[in-house]
Amino acid sequence: QMYEQAIRMERIISDLLLLSRLEINISAPEQVESFDIYALIKDIYQDAIALSGDRKHHIHLKLTAPQFFVGNRSELQSAFSNLVFNAINYTPAEGHIHIKWYQNKSGLHFQVEDTGIGIEASHIPRLTERFYRVDPGRTRDTGGTGLGLAIVKHVLLRHHAHLYIKSTPGKGSTFRCDFG
């Protein structure tokens, strides 16, 4: 138990440091480069399969937008992986998770849609607050720090993007990053 708590504390400290860096410098990220976003998303997809383990989620991947993107790769990896890992953690065994990178007339989008437990509408406006939890009791089961969606919000702000959230209790959630 002590080891598990130490790992959890390490995760909280790491997330707090990242969030503090993002909040202090809200302007565009440093170390912006053109990178292969397909490779980044495929890495997250492989990690999601490993995290799912014996829960055997049906994880679908669809990449149709341009393969190269200009931004801070490590920040976007943190944001995208937070969204995908949340979907894994809050979707019951054998549920479906759709990961998409696509483009339409309003811009580029990274989207994670799941058939998870969903979130009441009253909680959605507060989800990106640091340490905000819909159900604090679930944290022990999922290992979350309560900082993931705050990190997502700040990474997107630095990339001039927005987070769209839609959820229905008992049916699932959609988290979409809109770059456009």
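In nm, give the distance between the simple-model label positions of residue 126 and residue 171, each being 7 Å from the Cα along the Cα-to-Cβ direction.
2.4
Expected output is a single nm value to one decimal: the length gained when fully extending between residue 106 and residue 58, i.e. 0.36 nm times separation in residues minus the C-alpha distance. What is it?
Working: separation 48, 0.36 × 48 = 17.28 nm, distance 2.88 nm.
Difference between extended and current length: 14.4 nm.
Go ahead and set up a Gaussian network model of the chain, Cα springs under 10 Å, then flag whichever of 20, 78, 52 fluctuates most.
20
Within the stretch 61-123, which chymotrypsin sites (Phe, Trp or Tyr not before Pro) sit in a loop by DSSP and count at most 14 neighbouring Cβ atoms inside 10 Å? Each step should come with its number before you reach the end.
Numbers: sites: 68, 69, 80, 85, 90, 101, 102, 110; in loops: 90.
Passing sites in the stretch 61-123 do not exist.
How large is the Kirkwood hydrodynamic radius of the chain, in angstrom, based on all distinct alpha carbon pairs?
Numbers: mean 1/r = 0.0598 Å⁻¹.
Evaluated on the chain, it is 16.7 Å.
Given only helices, namely DSSP H runs of n ≥ 4 each adding -39500 (n - 2.57), what is the per-residue ellipticity at 222 nm of the chain, to the nearest 500 deg cm²/dmol? Display every interim value, and only then the final one.
Working: 5 runs with 71 residues, N = 180.
Result for the chain, helices only: -13000 deg cm²/dmol.
Using the Cα centre as the reference, give the magnitude of the dipole from point charges on the C-beta atoms of the stretch 64-176 (Lys, Arg: +1; Asp, Glu: -1; all else neutral), rounded to the nearest 20 debye. Numbers along the way, then the final one.
Numbers: 13 positive and 8 negative charges, 65 e Å.
The calculation lands at about 320 debye.
If you take the alpha carbon radius of gyration of the stretch 12-74 and divide it by 2.2 N^0.38 Å, what ratio comes out, to two decimals?
Details: Rg = 15.2 Å, N = 63, 2.2 N^0.38 = 10.6 Å.
Dividing the Cα radius of gyration by 2.2 N^0.38 Å gives 1.43.
Efficiency by 1/(1 + (r/R0)^6): what FRET value for residue 8 and residue 68, r their Cβ-Cβ distance, R0 = 30 Å, to the nearest 0.05? All intermediate terms of the calculation are to be shown ahead of the outcome.
On the way: r = 36 Å, r/R0 = 1.21.
Once rounded, the FRET efficiency stands at 0.25.
Kindly provide the GluC sites (Glu not before Pro) of the stretch 71-180 that DSSP labels as loop, not H, G, I, E or B, and whose Cβ sees at most 12 other Cβ atoms within 10 Å.
Details: sites: 75, 94, 113, 120, 129; in loops: 94, 120, 129.
Passing both the DSSP loop test and the Cβ count: 94, 120.
Given H placed 1.01 Å from N in the peptide plane, which residues other than close sequence neighbours of residue 127 have an amide H under 5 Å from its amide H?
none
Pick out the long, greasy-scoring helices in the chain: whole DSSP H runs spanning 30 Å or more along their own axis by Cα, mean Kyte-Doolittle at least -0.5.
Working: long enough: 2-24 (33 Å, 0.38).
Within the chain the helices that satisfy the rule are 2-24.
Ignoring ligands, DNA and RNA, what percent of the 1.4 Å accessible area of the chain is carbon and sulfur? It would help to have the intermediate numbers written out before the result.
Details: 5210 of 9870 Å².
Ligands and nucleic acids excluded, carbon and sulfur give 53 percent.
Give me the aspartates and glutamates in straight-line cross-link reach of residue 105: C-alpha distance below 12 Å, same-chain residues under 8 apart excluded.
By straight Cα distance, residue 105 reaches 178.
Heavy-atom accessible area per residue, the chain, 1.4 Å probe: how many Å²? Intermediate results must be reported in sequence, preceding the final value.
Values: 9870 Å² over 180 residues.
Result: 55 Å² per residue.
The values are calculated or read from the model by the stated rules, or taken from the named source; none is laboratory data. This one's a predicted model, so the numbers in the text were calculated from it and none came from an experiment. Note that we place each Cβ from the backbone using ideal geometry, even for glycine, and neighbour counts take in every protein chain shown. The accessibility values were calculated without ligands, DNA or RNA, using every heavy atom of the protein model including side chains. Shrake-Rupley method; radii C 1.70, N 1.55, O 1.52, S 1.80 Å.
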